[in-house]
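Undergrad: Please see the structure below; I have some questions.
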Amino acid sequence: MLFNLPRVTTPIAVRWFISVANAAGFGRDISPVQFATLLKECRSVNAVHQVHQKLISSGLLSYPASLLEVSFPPLPSQPYLSPRSLGTGVVAAYLACGSKDEALTALEHVVPSPAVWWNLLIREHIKEGHLDHAIAVSCRMLRAGTRPDHFTLPHILKACGELPSYRCGITLHGLICCNGFESNVFVCNALVAMYARCGSLKEASQVFEEIAQRGIDDVISWNSIVAAHVKHNSPWTALDMFSKMAMIVHEKATNDRSDIISIVNILPACASLKALPRTREIHGNTIRNGTFPDVFVGNALVDTYAKCGSMKNAVKVFNMMEIKDVVSWNAIVTGYSQSGNFEAAFEIFKNMRKENISADVVTWTAVIAGYAQRGCGQEALNVFRQMLFSGSEPNSITIISVLSACASLGAYSQGMETHAYSLKNRLLSLDNHFGGTGDEEDLMVHNALIDMYSKCRIFKAARSIFDSIPRKERNVVTWTVMIGGYAQYGDSNDALELFSQMLSKPHAVAPNAFTVSCILMACAHLSALRVGKQIHAYVVRQHQYEASTYFVANCLIDMYSKCGDVDTARYVFDGMSQRNDISWTSMMAGYGMHGRGNEALEIFDKMQMAGFVPDDISFLVVLYACSHSRMIDRGLDYFDSMSRDYGVAAGAEHYACVIDLLARSGQIDRAWNMVKDMPMEPTAVVWVALLSACRVHSNVELAEYALNKLVEMNAENDGSYTLISNIYANARRWKDVARIRNLMKNSGIKKRPGCSWVQGKKGTASFFVGDRSHSLSPQIYALLERLIDRIKSMGYVPETNFALHDVDDEEKNNLLAEHSEKLALAYGLLTTSPGCPIRITKNLRVCGDCHSAFTYISKIVDHEIIVRDSSRFHHFKNGVCSCGDYW
């Protein structure tokens, strides 16, 4: 009742008292009892303030008790009131009027001040969310000389846990021990909860063990430690503690509420482990002890069954619940949404409306997040529009899900609109000042924005948001989304640089499995084997990645394969204790791009022996491996067996692989017939495969037809035009070459310049055609000239048809000598130790003349020359290429 008193104007009795007191000048003729009565009648801070002033001026709050008794003996009809009683009356009056600051000041002048009033002030601050104020009040309480009691300490510990403030919490722990509260179960339970909320599971466990040793533990003690283990991702320990609790606590006094909390605490551990049998066991326990009808238990069971993948049981529990609240409906909607059953989720939506239950932000967010996580970005955006039309206000989690949907679609405009909406509705801070309440969600939205802009390839905006976050506030997700954006959609060099910054001090952040996967992807793109090996060593040293073996090991296989070291990729593959389908496919693809088709097919057979059923991706990799290994008959057999033996329908990509397989072997007519007989409309990838085959076999007419089809589909690019231009040049149709180049110029299509890069002792060096910008250019060209003269004496003849310019043969020879891959090889020979492989990467297909020259050069140098082009790998050694001149 004290805090529910209506706030009205000053009552007549108070106004009369103030006027009489002012007229009297001193107010000492008014008894303490009258002051106390008037304080209770005050309805405004101003009235309390005036009465308070009169009390001070009358000296009733400052006289010692002995003097007061002599000067003002109590009347027979009136009880005696001490200054302390009047002082607490002033505190109560200020609190009744909502002035906690005035109440605190008055309380500090009450000597001695009762702990109950300090507790009341602390509790009010916590109730209003002013946790730091609550702790400050407790400090002033100690300075005032008031000893905290067993009610004070749990309140302050709760404030420390919710902030969280480990430093304040551990200080309070010392205070508890000094004041003899270490045997008070209420205080110790609050201590366990505080440590758990501050992330200190070790200290929470130690306090709990001390409670149990003293024999003062109760069901709340056990609930607190179980909840702590669940929160800190120790579900197995939580289940073990719950089992012990069931055996130990049953002898102690418990109540239904405690049993309910126990059940609700442990079910999230079952959900995180997807422990369906244990969930059923707990469910049976709730039925036996009568706690199942409780709505909290029912909601927790629905959520747990859904997360364990048993929607059938979740629906059964939901239908058995006599009372359902919005959380119940949210749990079932979230379950259907996350399991991918969106039709059922929307059916629940309809049922909610029939039951006149308004969908709240959690319901809408569950459906949006479900669509976004399943890659159904357009559906997620449609639901978000419905949510806004319904008048429901999205929260930060909703915005994160919507941004994820925009990222999956590459929907830059909708992403910008969502960004603007977040700013307008204060779901995202404008000043980027982190460190206060709600900053965790704010950072999550910033991370989602970085991810969205990166996947939309708007790196300027993504990097601007990333740089606006103070370095000390960036978490592992912040770094990972930016690094992943660069690695997948931008410049992999930027990804490597950012990863180095992430590990540098101060404010270094330890990468997680996703970060490592992203940086390995960047190494694979750049063929940065040296950096990739360093990352591998880091992974081996850090045992935290063992639980993410699939993520990291699969990326290591891919990285080593694309960096030209397929044997080390096989070593990683063989060292995996468990493999998933991506592991097998990655190893097959690695062998395929190196032209080692037999090993790829061996892996394919072992995959089936291990119990994995080949899917469309597996067959695509097999056909790719056969195409690059001159295994025509086996490739055709696998293509025919796809639908016949495995029930896998061939897609356009599979047909493109077979067309490439046939065309490489010279069966261009058979490849063309397959294009005409395809059961679906040929896609761009099919026409590109046919166009590439025409380049090898100089079929101008069919090449023109393929290019026209690409133009009709608006799928032409610089690569397509370059291929047809090269075909014309090889046929010496220079006018058509000029026409294609003018067409590209008028269409705004620019040909990508050929670029090759090679790793040396001092890092990576890049070269373009005729590049003379490198400091070692004189030595590079001199070495190249000597090498060409030497291999010419061995039988090398420049293939001038690859000099695609209408000039004389001598000029063509000079142009061929300046190709980027030849410059990269010369640099590698100058900077690489004898016996070490020289690894060259080219952004386009390797030139036929360069291929011939490298074959000869490999006879006279003490290096294996490994070239990765846009199609495959070439390993030159002792005058032989691994492709067998079939590329």
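The values are calculated or read from the model by the stated rules, or taken from the named source; none is laboratory data. The shown structure was predicted, so the numbers you read here are calculated from the model rather than taken from an experiment. Note that we place each Cβ from the backbone using ideal geometry, even for glycine, and neighbour counts take in every protein chain shown. When the accessible area is computed, the model is the full protein with side chains, heavy atoms only, and any ligands, DNA or RNA have been set aside. Shrake-Rupley method; radii C 1.70, N 1.55, O 1.52, S 1.80 Å.
Undergrad: Pairs needed: first member in the range 596-615, part of a loop (DSSP other than H, G, I, E, B); second member anywhere, among the acidic types (Asp, Glu); C-beta distance under 7 Å; at least 6 residues apart or different chains.
TA: Sorted first by the residue in the range 596-615, then by its partner, the pairs are Phe612/Asp581.
Undergrad: Also: Could you list, in sequence order, the residues of the range 755-803 that are among the acidic types (Asp, Glu) and without any contact (Cβ under 8 Å) to a residue 24 or more places away in the chain?
TA: From the range 755-803, those among the acidic types (Asp, Glu) are 771, 785, 789, 799; that's our starting set.
Hit for the range 755-803 is Asp789, nothing else.
Undergrad: Would you point out which residue out of Ala136, Ala144, Ala193, Ala159 is among the aliphatic types (A, V, I, L, M) and under 22 Å from Gln213 (Cα atoms)?
TA: Details: Ala136 fails: under 22 Å from Gln213 (Cα atoms); Ala144 fails: under 22 Å from Gln213 (Cα atoms); Ala159 fails: under 22 Å from Gln213 (Cα atoms).
Ala193 is the lone residue from the list that is among the aliphatic types (A, V, I, L, M) and under 22 Å from Gln213 (Cα atoms).
Undergrad: Restricting to the range 661-678, give me the number of residues that are open to solvent by 30 Å² or more (accessible area, probe 1.4 Å) and of a type outside the set (S, T, N, Q). Talk me through it step by step, then tell me what you get.
TA: Going residue by residue through the range 661-678, those that are open to solvent by 30 Å² or more (accessible area, probe 1.4 Å) are 664-667, 669-670, 672-674, 676-677.
Restricting the remaining residues to those that are of a type outside the set (S, T, N, Q) gives 664, 666, 669-670, 672, 674, 676-677.
Residues in the range 661-678 being open to solvent by 30 Å² or more (accessible area, probe 1.4 Å) and of a type outside the set (S, T, N, Q): 8 in total.
Conditions (1) assigned to a helix (DSSP H, G or I); (2) among the small types (Gly, Ala, Ser), marked per residue:
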position	(1), (2)
Lys460	yes, no
Ile465	yes, no
Thr478	yes, no
Val481	yes, no
Tyr486	yes, no
Asn493	yes, no
Met502	yes, no
Pro506	no, no
Ala510	no, yes
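Undergrad: If you scan the range 162-181, which residues turn out to be outside any helix (DSSP H, G or I), more than 12 Å from His150 (Cβ to Cβ) and either open to solvent by less than 70 Å² (accessible area, probe 1.4 Å) or aromatic (Phe, Trp, Tyr) (or both)?
TA: Narrowing the range 162-181 to residues outside any helix (DSSP H, G or I): 163-165, 179-181.
Applying the additional criterion that residues be more than 12 Å from His150 (Cβ to Cβ) yields 163-165.
Correct list: Ser165 only.
Undergrad: Go through the range 846-879 and give me each residue that's without any contact (Cβ under 8 Å) to a residue 24 or more places away in the chain and touching a helix residue (DSSP H, G or I) at 6+ places or on another chain (Cβ under 7 Å). Full working, then the answer.
TA: Going residue by residue through the range 846-879, those that are without any contact (Cβ under 8 Å) to a residue 24 or more places away in the chain are 858, 876-878.
Of everything in the range 846-879, just one residue is without any contact (Cβ under 8 Å) to a residue 24 or more places away in the chain and touching a helix residue (DSSP H, G or I) at 6+ places or on another chain (Cβ under 7 Å), namely Phe876.
Undergrad: Continuing with the same structure: Can you name every residue in the range 393-410 that is touching a Gly at 6+ places or on another chain (Cβ under 7 Å), open to solvent by less than 10 Å² (accessible area, probe 1.4 Å) and not aliphatic (A, V, I, L, M)?
TA: Cys406
Undergrad: Further, regarding this structure: So which residues in the range 207-221 are closer than 10 Å to Leu191 by Cβ and surrounded by fewer than 21 Cβ atoms within 10 Å (Cβ to Cβ)?
TA: Selection gives Glu210 alone.
Undergrad: Same structure, new question: If I filter the range 366-392 down to residues being open to solvent by less than 60 Å² (accessible area, probe 1.4 Å) and not in a helix (DSSP H, G or I), which single residue comes out as farthest from Gln338 (Cα to Cα)? Step through it out loud before you land on a result.
TA: Pass one, the range 366-392, residues open to solvent by less than 60 Å² (accessible area, probe 1.4 Å): 366-372, 375-377, 380-381, 383-384, 387, 391-392.
Next cut, not in a helix (DSSP H, G or I) only: 375-376, 391-392.
Working: Gly375: 12, Cys376: 12, Gly391: 24, Ser392: 21 Å.
For the range 366-392, the residue satisfying everything is Gly391.
Undergrad: Working only within the range 262-281, note down all residues that are open to solvent by less than 20 Å² (accessible area, probe 1.4 Å) and not hydrophobic (A, V, I, L, M, F, W, C). Even if it seems obvious, please write down each step before you answer.
TA: Within the range 262-281, the first condition is being open to solvent by less than 20 Å² (accessible area, probe 1.4 Å), and the residues that meet it are 262-263, 266-267, 269-271, 275, 279.
Across the range 262-281, the qualifying residues are Ser262, Thr279.
Undergrad: Can Asn184 be described as at pLDDT 90 or above and open to solvent by less than 50 Å² (accessible area, probe 1.4 Å)?
TA: On the way: at pLDDT 90 or above: yes; open to solvent by less than 50 Å² (accessible area, probe 1.4 Å): yes.
Yes: the conditions hold for Asn184.
Undergrad: If I ask for residues that are at pLDDT 90 or above, farther than 16 Å from Glu379 by Cβ and not in a helix (DSSP H, G or I), which ones from the range 393-441 would you list?
TA: Of everything in the range 393-441, those that are at pLDDT 90 or above, farther than 16 Å from Glu379 by Cβ and not in a helix (DSSP H, G or I) turn out to be Glu393, Pro394, Asn395.
Undergrad: Which of (1) surrounded by fewer than 15 Cβ atoms within 10 Å (Cβ to Cβ); (2) part of a loop (DSSP other than H, G, I, E, B); (3) free of Cβ contacts under 8 Å to residues at least 60 places away in the same chain is the odd one out, the single condition Arg752 does not satisfy?
TA: Of (1) surrounded by fewer than 15 Cβ atoms within 10 Å (Cβ to Cβ); (2) part of a loop (DSSP other than H, G, I, E, B); (3) free of Cβ contacts under 8 Å to residues at least 60 places away in the same chain, only one is false for Arg752: (3).
Undergrad: To continue, here is another question. Being assigned to a helix (DSSP H, G or I), at pLDDT below 95 and hydrophobic (A, V, I, L, M, F, W, C) is the requirement here; does Ala569 meet it? Spell out the reasoning first.
TA: Details: assigned to a helix (DSSP H, G or I): yes; at pLDDT below 95: no; hydrophobic (A, V, I, L, M, F, W, C): yes.
When the stated conditions are applied, Ala569 does not pass them.
Undergrad: If I filter the range 498-507 down to residues being under 20 Å from the mean Cα position of the chain (by Cα) and open to solvent by 40 Å² or more (accessible area, probe 1.4 Å), which single residue comes out as nearest to Asp467 (Cα to Cα)? Step through it out loud before you land on a result.
TA: To start, the set of residues in the range 498-507 that are under 20 Å from the mean Cα position of the chain (by Cα) comprises 498-503, 507.
Checking which are open to solvent by 40 Å² or more (accessible area, probe 1.4 Å) leaves us with 500-501, 503, 507.
Working: Ser500: 15, Gln501: 12, Leu503: 16, His507: 14 Å.
Restricting to residues being under 20 Å from the mean Cα position of the chain (by Cα) and open to solvent by 40 Å² or more (accessible area, probe 1.4 Å), the top hit is Gln501.
Undergrad: Run Val572 past the list (1) surrounded by fewer than 14 Cβ atoms within 10 Å (Cβ to Cβ); (2) closer than 26 Å to Gln759 by Cβ and report the number of the one that doesn't hold.
TA: (1)
Undergrad: Follow-up. Specify the residue that is surrounded by the fewest Cβ atoms within 10 Å (Cβ to Cβ); the eligible residues are those in the range 688-712 that are farther than 15 Å from Val737 by Cα and of a type in the set (D, E, K, R).
TA: Glu712
Undergrad: Check Trp734 against each of (1) without any contact (Cβ under 8 Å) to a residue 60 or more places away in the chain; (2) open to solvent by 20 Å² or more (accessible area, probe 1.4 Å) and name the one condition it does not meet.
TA: Single failed check for Trp734: (1).
Undergrad: Touching a strand residue (DSSP E or B) at 6+ places or on another chain (Cβ under 8 Å) and either within 18 Å of Asp789 (Cα to Cα) or surrounded by fewer than 18 Cβ atoms within 10 Å (Cβ to Cβ) (or both): is that true of His863 in this structure?
TA: Details: touching a strand residue (DSSP E or B) at 6+ places or on another chain (Cβ under 8 Å): yes; either within 18 Å of Asp789 (Cα to Cα) or surrounded by fewer than 18 Cβ atoms within 10 Å (Cβ to Cβ) (or both): no.
Criteria not met by His863.
Undergrad: While we're on this one: Any chance you could count how many residues in the range 552-564 are among the acidic types (Asp, Glu) and either touching a Gly at 6+ places or on another chain (Cβ under 7 Å) or surrounded by fewer than 21 Cβ atoms within 10 Å (Cβ to Cβ) (or both)? Spell out the reasoning first.
TA: If we filter the range 552-564 for residues that are among the acidic types (Asp, Glu), which is where we start, we get 558.
Within this subset, residues satisfying the condition of being either touching a Gly at 6+ places or on another chain (Cβ under 7 Å) or surrounded by fewer than 21 Cβ atoms within 10 Å (Cβ to Cβ) (or both) are none.
Number of matching residues: 0.
Undergrad: Would you check if there is a residue in the range 423-436 being surrounded by fewer than 20 Cβ atoms within 10 Å (Cβ to Cβ), in contact (Cβ under 8 Å) with a residue 24 or more places away in the chain and among the aromatic types (Phe, Trp, Tyr)?
TA: So far as the range 423-436 goes, yes, one or more of its residues are surrounded by fewer than 20 Cβ atoms within 10 Å (Cβ to Cβ), in contact (Cβ under 8 Å) with a residue 24 or more places away in the chain and among the aromatic types (Phe, Trp, Tyr).
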